[in-house]
Each structure stands twice: as C-alpha cells, then as structure tokens.
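Each reported figure results from applying straightforward, stated rules to the coordinates on display, with no laboratory input. Keep in mind that this is a model prediction, so the values were computed, not measured. When we count neighbours, we look across all protein chains shown, and the Cβ atoms used for this are built from the backbone with ideal geometry, even at glycine.
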Amino acid sequence: MKSKQAERSEETKKQIVESAGRLFSTKGYDSVTIRAIAKDAGCSHTTIYLYFKDKEELLHQLSMPPLQELHQQFQYLSSVSALSSEEKLKRISLEYIHFCLQNRNMYDIFFNAKSTRVDGGDPELEINKMRIEIFEIMKKVIREYLSISNDNQILAFSRIYYYNLNGILSTYSYQHEPLNILMERLTPTFDLALEILLLGFKEKLKKGK
C-alpha cells in the first residue's frame, strides 16, 4: 500500500504533466516556460525539477506513449501479408488521420515540437527517433507500392504523401464533431484523395521513364 506522501507525489507529477500538455497545446511548446507550467500546476518551479530534468523530458513524457502505440499499429499494418501494398498504405493513412484527429489538441506537439529532419541522420532525442521510425514505415510501404528503388525519389514521394496527410488534418482538426462521426463522414473523401495522389505518383513515374 502506498503511503500518503507517495500518493501526493504521484498526484503532483500527474498535475505537472497535465499542465504541460494543456499549455503546450494552447501556447506552443517553444513559448511555454517551466515557471508557467509550475504556476498552472499550482507548485513551484523547483518542484518540477524534482520529477523532470527539463522541458524536453516533459515533452517526452507526454508524447512517447501515444507515438509508440501509433508505431506499433503501423508495424502491424505494414506486416499483414494478406494486404496489398495499396491496402496497407490506405490503412496506415487512415490510422494516422484517426490518431491525429483523436489527439487534435496535441498532434502538432507530438510530431513537430523539437523536431529534426527525417533524413538528417541520427537524432539526439528519443522522440525524434520515434518520429523517424514512423515516417520510415510510411516510406517502406510507399516503396513497395511504387516498386522503385531510387532513395531520392522515395523520399520525395514520401514527403509529398506526408504533406497531403497533414493538409487533411489542418482542414479538419478544428471540427467539433465526435471523432467517430467525423471519420464516418469523411473516410470516403480521404480514400479518394489518397487514390488520386497514388495515381499521380504512378503517372509521374511513367513520364519519367
């Protein structure tokens, strides 16, 4: 059985993380200070340092668990042998859209706060390693679908694919419909958008030959 002190400590830590998430989502990661988080959490800034080394560690605490879940789901979908590469890509795309709309207040923090280039070598932060691994699964399935080996082409097409997914998200992330209703209403549009994009990739490859 936990002592009252241990329970209070856990509650304080939980409150700090919740305050950080709330402030990051409304003000942006770069604009938020440790002192602002402490004020929102109702503790001193020195208290925060008892639990977290710095703001980056708070970002890690908030972002890694959901990103790891998304990564696991991507790994599973990309490995299902019964699915064609096109079906894998569609399912991964819908999974990504669903994930980001489910976390519509935080997905920009999950993917962009303290981010580095996806082709910039070995990143220092674990969160950026996870972001790159997620992007690499997308690249792998796009490579399978297009049946090309040119790394520069794959990176270019993967970036375009990723930009389009995030364009969809920027359009619908402020909708106030429940997630299940939003996904049901818009999934046919998402599918059509991806189909047109993939056809465009294949047409570009044909013209390049």
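Cα gyration tensor of the stretch 70-129, axes a ≥ b ≥ c as square roots of the eigenvalues: rounded (a/c below 1.5), prolate (a/b > b/c) or oblate? List each step's numbers first, then the result.
Values: a/c = 2.74, a/b = 1.48, b/c = 1.85.
In terms of gyration-tensor shape, oblate.
Could you list the trypsin sites (Lys or Arg not before Pro) in the stretch 1-96 that lie in coil according to DSSP, counting only those with at most 10 other Cβ atoms within 10 Å of their Cβ? Present the calculation step by step, with values, prior to reporting the outcome.
Numbers: sites: Lys2, Lys4, Arg8, Lys13, Lys14, Arg22, Lys27, Arg35, Lys39, Lys53, Lys55, Lys88, Lys90, Arg91; in loops: Lys2, Lys53.
Answer by residue number: Lys2, Lys53.
Can you classify the stretch 87-209 as rounded, prolate or oblate using the Cα gyration tensor, where a ≥ b ≥ c are the square roots of its eigenvalues, rounded means a/c under 1.5, and otherwise it's prolate if a/b beats b/c and oblate if not? Spell out each step's value before the answer.
Details: a/c = 2.34, a/b = 1.15, b/c = 2.04.
The shape class here is oblate.
Tell me which lysines have Cα within less than 16 Å of Lys55's Cα, excluding those fewer than 8 residues away on the same chain?
Filter leaves Lys13, Lys14, Lys27, Lys39, Lys114.
Among Asn164, Asn112, Asn152, which one shows the biggest mean-square fluctuation in a GNM of the chain, springs joining Cα atoms closer than 10 Å?
Asn152
How long is the stretch 4-51 along each principal axis, judged by its Cα atoms, biggest number first, in Å?
34, 17, 14
Would you calculate the volume per residue, in Å³, of the smallest convex hull containing every Cα atom of the chain?
Details: hull volume 33.3 nm³, N = 209.
Convex hull volume per residue, Cα atoms: 159 Å³.
Where nothing but the Cβ of Lys and Arg (+1) and of Asp and Glu (-1) is charged, how large is the charge dipole of the stretch 1-43 around its Cα centre, in debye to the nearest 20? Write out the running numbers ahead of the final one.
Numbers: 9 positive and 6 negative charges, 23 e Å.
Using Cβ point charges on Lys, Arg, Asp and Glu, the stretch 1-43 gives about 120 debye.
In whole percent, what relative contact order does the chain give with Cα contacts below 8 Å and a gap of six or more residues?
Values: 136 pairs, mean separation 40.1, N = 209.
That works out to 19 percent.
What FRET efficiency comes out for the pair Glu18/Glu56, r = Cβ-Cβ distance, R0 = 22 Å, nearest 0.05? The partial results should precede the final answer.
Working: r = 18 Å, r/R0 = 0.80.
Here the calculated transfer efficiency is 0.80.
Can you work out ³J(HN,Hα) from phi for every residue in the stretch 25-37, in order, using Karplus 6.51 cos²θ - 1.76 cosθ + 1.60 and θ = phi - 60°, giving whole Hz and x for Gly and Pro?
Coupling constants for the stretch 25-37: 6, 9, 10, x, 4, 5, 7, 8, 9, 4, 5, 5, 5 Hz.
Taking the simple approach of a point 7 Å from Cα along Cα-to-Cβ for both Leu125 and Arg8, what is their distance in nm?
Rounded to a tenth, the inter-label distance reads 3.3 nm.
I need the calculated FRET efficiency for the pair Ser170 and Thr116, taking r as the beta carbon distance and R₀ as 30 Å, to the nearest 0.05. List each step's numbers first, then the result.
Values: r = 21 Å, r/R0 = 0.71.
It comes out at approximately 0.90.
Can you tell which of Leu194, Leu186, Leu94 shows the greatest fluctuation in a Gaussian network model of the chain with Cα springs below 10 Å?
Leu186
Show that you can apply the helix-only estimate: for the chain, add -39,500 (n - 2.57) for every DSSP H stretch of four or more residues, divide by all residues, and state [θ] at 222 nm to the nearest 500.
On the way: 9 runs with 161 residues, N = 209.
That comes out to -26000 deg cm²/dmol.
For the stretch 135-141, take each phi angle, set θ = phi - 60°, evaluate the Karplus expression 6.51 cos²θ - 1.76 cosθ + 1.60, and give the result in whole Hz per residue in order, putting x for glycine and proline.
Once rounded to whole Hz, the list reads 5, 5, 5, 4, 4, 4, 6.
Taking neighbour counts of Cβ atoms within 10 Å as a proxy for exposure, in what order, fewest first, do His60, His176 appear?
Details: His60 19, His176 6.
Neighbour counts put them in this order, fewest first: His176, His60.
Within the stretch 48-70, whose backbone N sits under 17 Å from a point 7 Å along Cα→Cβ of Leu179?
Answer for this model: 62-70.
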